[in-house]
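This report concerns only the one structure given below.
The values are calculated or read from the model by the stated rules, or taken from the named source; none is laboratory data. Bear in mind that the values here come from a model prediction, so they are computed numbers and not experimental data. Please note: Cβ atoms are built from the backbone with ideal geometry, for glycine as well, and neighbour counts cover all protein chains shown. Accessible surface areas use protein heavy atoms only, side chains included; no ligands, DNA or RNA. Shrake-Rupley method; radii C 1.70, N 1.55, O 1.52, S 1.80 Å.
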Amino acid sequence: MDGKEKKQKKHQQKHSGPKAEKKKAKKQGGSVEEDERKRNPKAFAVQSAVRMAKTFHRAQDLKTKKHHIPLVDRTPLEPPPVVIVVVGPPKVGKSTLIRCLIKNFTRQKLGDICGPVTIVSGKKRRLTFMECSSDINTMIDLAKVADLVLMLIDASFGFEMETFEFLNICQVHGFPRIMGVLTHLDSFKNNKSLRKTKKNLKHRFWTEVYQGAKLFYLSGMVYGEYQTQEVKNLGRFISVMKFRPLVWQTSHPYVLADRMEDLTDPEKIRTDPKCDRTVSLYGYLRGAHLKNKGQVHIPGVGDFQVSDVNFLPDPCPLPDAQKKRALNQKERLLYAPMAGVGGLVYDKDAVYIDLPAGHVNQLQEELRPTTELVQSLIDTHATLDTKMAASKVSLFSGSATLDPAGISQEAREEQGFQEETVWDPNTQRERRKVVFTEDEDDNSGGSDSEDDDSDGSDQADDEDEEEHPQAAADCEEKPAGGAPPQKKQKVEAEALRTGSSAEMPAFADSEDDLEMSEEEEEAGSPGDSGHSSEDEEEEEEEEESEDEGGAAVDLEKQESDEEEDEEEEEEQGALRWKEGLQQRAAEAFLRQQEAAPNLRKLVYGSVVEAKEEEEEDEEELGGLFRVSRPQKSKKVQTNALDCSRFQPDAGRDWDGEEMLDSIRDCFVTGKWEEGQDAETLLKQDEELYGDFEDLETGEVHVSHPENTENQADDDDDDEEEETQVKVDDEEVQKNKRLEKKRRLKERFDAEYDDGGDATYFDDLKEEMQKQAELNRAAFEDMDDESRVQYEGFRPGMYVRVEICSLPCEFVTNFDPHYPVILGGLGSSEGNVGYLQMRLKKHRWYNRILKTKDPLIFSLGWRRFQTIPLYHIEDHNGRHRLLKYTPQHMHCGASIWGPITPQGSGFLAVQSVAGMKSSFRIAATGVVLDLDKSVTIVKKLKLIGYPFKIFKNTCFVKGMFNTVLEVAKFEGASVRTVSGIRGQIKKALSSPAGAFRATFEDRLLMSDIVFLRSWYPVSVPQLYNPVTSLLLPAGEKDSWSGMRTLGQLKHDLGIRNKPNPDSLYKPIVRAKRHFNPLHIPKELQKALPFKSKPKQQQPKGKTPRDLQRPSVIREPQERKVAALLQALSTVHNHKRKKAHTAQHAKHKEFLQQKEKEEEAKLKRQREAKKKLYRVMGQMDQKKQRSSLKGAAKDD
């Protein structure tokens, strides 16, 4: 694969041009911009104070936006693994992504993802992966313990409901870090639609999470897995991510169980299969400290008392926490007991070795190496020391055998390998290269090629060093000469000597052999020549990038570890061969030195001169500091002559003058260099700092009192000169004091002015940092056993929690795909009581919620069903019961449930059974109060009818039943439907429940009187924990509790009989007849005339004598009338005809006139156009002439 990949083009630096010139100038001295600023400061002055103020304010705003409230860092020195929850709808690629990430970090393939999978991702971080199914119970539980959420989104489909449901769950229970991952991008054939989809999904994701939230793109799959580089980038982001502490998690201890064991007596189970079980759950403790015998809640099971807690050895330890390598190197990095991965399982009193069931009865040759190792451990009858003492080695065929006592130290020295310090210009640090002896030079090609390969991971090394600066510093500061090459174990020496000819065995008979084989495989020794596949090369490169130093650092660690082990073995007991060791070693060394002459002394003269030349070559850094090269000095020391080189009787005469002169300058009073004599330096110091004046007493102290006395005795004339000199000295002293004060002031100003940039936020952070250091230092020196007694089990420990009285269904129906969480409860969180909440129906839930309908709440660690009462606070402080939740508005809710701290968020769902197409989260809110101080009341209207009416008083019946009830409501205000207000006065003796009331006005018998009252409502005491983990394996998502009234009626087929008064009826209105208006005669007299009723009689029939008779014309008159009618008809016809003709003529005239008007207007427009054109030309001429005149004037 590596051969086919295209090699990336190297970056070519520019040697000419403005960039290159800038770089050259920067190397030679200060930058060009600084020179320009110094040369012309006015050009770089502030141009606009307002703009500068705006820029400054904006920069400060952006800086302040990034601030979080500083919290005390309570993370332990060895933090628990980071919980990474992979969420998404079904078939989106969750299991595939987890498998790819595990393969990226550990180079191991995992089949079925069952339960938490813990891996080591780097020197300081471990990761626990957990897959989250679409079951709402699992989503709620994992959102409470997640540190990081990988939210998988099918890009070809878009967002699904599960994504938004999980986001809303996280918003309620504390928002962890969330990273989106887009999958199925290879289904897009068109690049443009792919870009558009990416952009839309990214912006929608930003809306839900926060602006700029990280969204990864997994472009496609290769052989059923995501592309290696993309998974590697995602893994790098995960391994360096920082997390904010969440309030609920940091204040409560919790364990995400990765292993479960049933400790119940088998005999008890046999006699009673349904008996309660005793179970031990294992996992990393997170959050706060856990006390023994405390109370825990297991979501999906219930509340339990912890019977015992123990901490166990870490099954997946960090690399730097464990000095010696584990039994099996590969499985050490991956721990998933529920998935059947992880070789050793530690218990309180035993260590279990996981042997595959199908392989136990097979032959030994067919077994895996790990099982082979286990079998060899089981079959071992003699200890390792006994075997080593009895073993004998034959170097050549037919030669004598050598026992361990006969092998000399020199043989071990010659066969070892040494270190060489190499300065790597790419990483800008010293790297320790392994240099093998001449016997192994032929096989060094493999290690060279691997060194070349490791250069590609320099960038990864740098990034890891940035993330773990302390680890990198520790790595670099280790002295290279820390592991002398002569201290080597015999087994390793043998392996290195025979490594060129034979491969390492696939398995080992002892732990030391296994360590050596694994270490040599890492270091690229000849032993792994038979396993040089590309997978292993990638594996080695990845290990180099994670361990920040490649194979050399591992080798150094290996040597130092082995050295420590060897020293410990030596200290355990003195052996017989140590008697007279010093004398024998000196004699052997002298014999060897006499036999082998010092070639360097013969060629170069003396070793001391060469040493001095090397010291002169050491350059000073900045004229102040000298570069320390401990490696070089140690090389010189090893090559130089030792004191034991000389004969014991060749002593030195330390009383001789020459010998004393030769070492005189080695002491403080000697002369170290030219111009650095001790006496002259002391005199200069006395001149500088000898004289001083006591500012309190005014006394002057002179540095040379003896000299001045001698001079005064010698000559009187010198006294005058001394007084003159004394005056000058006083002036000098005064100037010195002023200079000293000035320096002190400058130092004071520098110290406090530099701190002027420190803001309140910085002070707060520093205070939190000090508190965190104090917390860590409190129990730092104690061992774990006693520390646990004081502070409890601290986060990061791998604990075993034993719980009694668990339902048997938990064990029999156990499914590792569902998370088991042990959430620690506070002192009062185990009690049940009344809770006051602020609740809002979720805007995406398509139904409103009804009071007294059962609802499933997720509050704290618990999931439980209860009956809420919704209410709203009126302006007068009354809490009025609501029948339904209001739309787009908060309301109060009162429930009977577990006591949870105020401010804790909660969410509610109507049902957790099955999958629904619609949004499942019904409501969200927060806990306000923990008592029953709020009294919820509902409105109650009492109705009565008047049965006896006086003026403004009436007797009312039907509202109450007894005299006692009336007495309770005396003085209450009542009202009629028509709006007349009144008050209850007193009860009547009969009928029962009747009372006397007074009103503002007289009532009618048809009036209805009502009393508006408020009735207190009690909260139903229902607390039903959701026990989803107790259901059978395939039915854990089908838990159903109490049904709502609507569901009950629907299931039972009950239909409500409606109230007849509520039904619509046809309205029949009878016609009303009004009586005639009657006005009294006295009132008629007083009315004006127009208002008086008129006494008008109805008209009768006209009598015949008053009726007008009809006229009968004569024949002549009839003829005349007919003629006149004919003439008038003709005349009317002619007139109408003439009028029509006139109208047509007038219409024609108007059309003609309109045409003429149009022509006239056209002519006028043309004329105007010509006129305006001429006027425009004249204006242009005037403009040109004016411009010419202006130019001439200039």
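General observations
- Distant-in-sequence amide contacts of Lys214, defined by a placed amide H-H separation under 5 Å and a gap of 5 or more residues or a different chain, comprise Gly180.
- Pairs of lysines in segment 1126-1180 (C-alpha under 27 Å apart; 8 or more residues apart or interchain): 26
- Note on segment 938-1016: with charges restricted to the Cβ of Lys and Arg (+1) and Asp and Glu (-1), its dipole about the Cα centre is near 120 debye.
- For segment 938-1016, the number of Lys pairs separated by eight or more positions or lying on different chains, with C-alpha atoms closer than 13 Å, is 4.
- Among 914-927, 147-160, sorting by the average number of other beta carbon atoms lying within 10 angstrom of each residue, highest first, gives 147-160, 914-927.
- Charge-dipole axis of segment 924-1000 as Lys and Arg at +1 and Asp and Glu at -1 on Cβ define it, positive-most pick from Thr962, Pro991, Val934: Pro991
- With all pairs of different C-alpha atoms in the average, the Kirkwood value for the hydrodynamic radius of segment 764-914 is 19.9 Å.
- Along principal axes, Cα extents of segment 210-275, largest first, whole Å: 59, 41, 19
- Sites listed here are GluC sites (Glu not before Pro) in segment 774-868 whose DSSP assignment is loop and whose Cβ has at most 10 other Cβ atoms within 10 Å: Glu780.
- Whole-number accessible area per residue in Å² for segment 938-1016, which is evaluated in the context of all protein chains at 1.4 Å: 63 Å²
- Unit charges on C-beta of K, R, D, E only; dipole of segment 814-880, Debye: 400 debye
- Here the accessible area of segment 1011-1106 is 55 percent carbon and sulfur, with a 1.4 angstrom probe and all protein chains present.
- Ordering of 1029-1035, 52-58 by burial proxy (mean other Cβ atoms within 10 Å per residue, highest first): 1029-1035, 52-58
- Highest mean packing first, where packing is the average number of other Cβ atoms within 10 Å per residue, the peptides 89-98, 1017-1026, 1059-1068 line up as 89-98, 1017-1026, 1059-1068.
- Convex hull volume of segment 1092-1160 per residue (C-alpha atoms, cubic angstrom): 218 Å³
- D_trans [Stokes-Einstein, Kirkwood Rh over alpha-carbon pairs] for segment 938-1016, 20 °C, 1.002 mPa s, µm² s⁻¹: 175 µm²/s
- Two-decimal Rg/Rh across segment 1045-1182, once Rg and the Kirkwood Rh are taken from alpha-carbon atoms: 1.45
- Sparse-neighbourhood loop sites, trypsin sites (Lys or Arg not before Pro) in segment 787-873 - DSSP loop, at most 10 other Cβ within 10 angstrom: Arg843
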